[in-house]
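> Quick one: the structure is below, questions incoming.
The values are calculated or read from the model by the stated rules, or taken from the named source; none is laboratory data. In this text, all values refer to a predicted model and were calculated from it rather than measured experimentally. Every residue, glycine among them, receives a Cβ derived from its backbone with ideal geometry; neighbour counts consider all protein chains shown.
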Amino acid sequence: MAFNVQKIYPIDLQPRKAVGVSLPFSSKAVFNSTYTTQDALKSNLINFFLTGRQERFLNPNFGTNLRALLFNQMTPDTREEIQIEVRRGIADWFPNITIEQLLVEEAPDTHTVTIYIKYSVDQTNIQDELLINFEQ
């Protein structure tokens, strides 16, 4: 009988070792540390989506063009372009992540665009959701 072996990152088994840094940088100390791979991955995704392409020095392909798309008039075509940009970015920079659900919703009254991503990490038991609100 076959079974699927799940990977557990060794650093997750050491409770006092930090894996990464969480966003936003608004704590009493300079940085808030993340102690699990799941939290570090979520922070990395937020950082990726909030970084514009051509913005990072010596790594101009990192990031997305979401800001440019958000300043366009919101139509079904614009929503589709945002979804394509999100899928492209995750496929290029996070190849071990599988998008389970991706929703782009707008609220014209509050000038808000919300991107909801439900994702899982291949060969692990990590499943999480990410909700990003872009407000005027």
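> Pairs under 9 Å by beta carbon, first residue at positive phi in region 62-80, partner assigned to a loop (DSSP other than H, G, I, E, B), six or more apart or different chains?
Pairs found: G63/T51; G63/R53; G63/Q54; G63/E55; G63/R56.
> Something else now. Among the candidates L50, L45, single out the residue that is in contact with a strand residue (DSSP E or B) (Cβ under 7 Å, 6 or more places away or on another chain), buried (at least 16 other Cβ atoms within 10 Å of the Cβ), hydrophobic (A, V, I, L, M, F, W, C) and modelled with pLDDT of 75 or more.
That would be L45, the only listed residue that is in contact with a strand residue (DSSP E or B) (Cβ under 7 Å, 6 or more places away or on another chain), buried (at least 16 other Cβ atoms within 10 Å of the Cβ), hydrophobic (A, V, I, L, M, F, W, C) and modelled with pLDDT of 75 or more.
> On to the next question. Do we find that I84 is among the aliphatic types (A, V, I, L, M) and in contact (Cβ under 8 Å) with a residue 12 or more places away in the chain in this structure? Steps first, please.
Values: among the aliphatic types (A, V, I, L, M): yes; in contact (Cβ under 8 Å) with a residue 12 or more places away in the chain: no.
Against the criterion (among the aliphatic types (A, V, I, L, M) and in contact (Cβ under 8 Å) with a residue 12 or more places away in the chain), I84 does not qualify.
> Further, regarding this structure: Return the residue satisfying two criteria in turn: it lies in region 103-136 and is buried (at least 16 other Cβ atoms within 10 Å of the Cβ) and not in a strand (DSSP E or B), and of such residues it is modelled with the highest pLDDT.
Ranking the qualifying residues of region 103-136, first place goes to I126.
> So, one more: Looking only at region 122-134, which residues are of a type outside the set (A, V, I, L, M, F, W, C) and within 17 Å of the chain's Cα centre (by Cα)? Lay out the reasoning, then the answer.
Initial filter on region 122-134 (of a type outside the set (A, V, I, L, M, F, W, C)): 122-125, 127-129, 133.
The answer is D122, Q127, D128, E129, N133.
> If you check A68, A91, which single one turns out to be farther than 13 Å from L45 by Cα, out of contact with any helix residue (DSSP H, G or I) (no Cβ under 6 Å at 6 or more places or on another chain) and not hydroxyl-bearing (S, T, Y)?
Details: A91 fails: farther than 13 Å from L45 by Cα.
Matching residue, one of A68, A91: A68.
> Would you call N61 over 13 Å from the mean Cα position of the chain (by Cα), closer than 24 Å to V21 by Cα, surrounded by 15 or more Cβ atoms within 10 Å (Cβ to Cβ) and not β-branched (V, I, T)?
On the way: over 13 Å from the mean Cα position of the chain (by Cα): yes; closer than 24 Å to V21 by Cα: yes; surrounded by 15 or more Cβ atoms within 10 Å (Cβ to Cβ): no; not β-branched (V, I, T): yes.
No; evaluated as a whole, the condition is false for this residue.
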